[in-house]
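Structure first, commentary second.
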Amino acid sequence: MLHTALRLQDAGVFQDEHSSLAKAFVTSRMREVVAWAREIFGGNGIVLDHDIARFFADAEAIYSFEGTREMNTLIVGKAITGQSAFV
């Protein structure tokens, strides 16, 4: 996905919706991965002896700061349909 985005940028056709699509996908997968890690580690996934809890908190912060998946998919949807779902 990053390689394609870079090629689009080099070609001068990169748009905001391309980065929104990448952010929506990557942050969703990130949250899924850290949730699996927390589940695999069981009780150790929430103690400070391991970094899982820190990774989980970091993932939530990045998810929020980069714009939630819902907001990014609304940006992509507008680019595809031409219809804005923002109120």
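The values are calculated or read from the model by the stated rules, or taken from the named source; none is laboratory data. Just so you know, these numbers come straight off a predicted model, no measurement behind them. Because the Cβ atoms are built from the backbone with ideal geometry, glycine has one as well, and the counts that use them run over all protein chains shown. Note: areas computed on protein heavy atoms with side chains; ligands, DNA, RNA excluded. Shrake-Rupley method; radii C 1.70, N 1.55, O 1.52, S 1.80 Å.
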field: Among (1) free of Cβ contacts under 8 Å to residues at least 12 places away in the same chain; (2) within 24 Å of Gly77 (Cα to Cα); (3) open to solvent by less than 70 Å² (accessible area, probe 1.4 Å) - the single one Glu32 does not satisfy
entry: (3)
query: Quick one: in the stretch 28-78, which of the residues that are among the charged types (D, E, K, R) and outside any helix (DSSP H, G or I) is farthest from Asp16 (Cα to Cα)?
result: Asp49
- request: Tell me which residues, restricted to the stretch 42-59, are open to solvent by 90 Å² or more (accessible area, probe 1.4 Å) and either touching a residue at least 60 places away in the same chain (Cβ under 8 Å) or of a type in the set (Val, Ile, Thr) (or both).
  value: Ile46
message: Any residue at all in the stretch 63-83 that's basic (Lys, Arg) and more than 22 Å from Leu2 (Cβ to Cβ)?
response: yes
In the stretch 60-80, residue modelled with the lowest pLDDT [restricted to those that are open to solvent by 90 Å² or more (accessible area, probe 1.4 Å) and of a type outside the set (A, V, I, L, M, F, W, C)]: Arg69
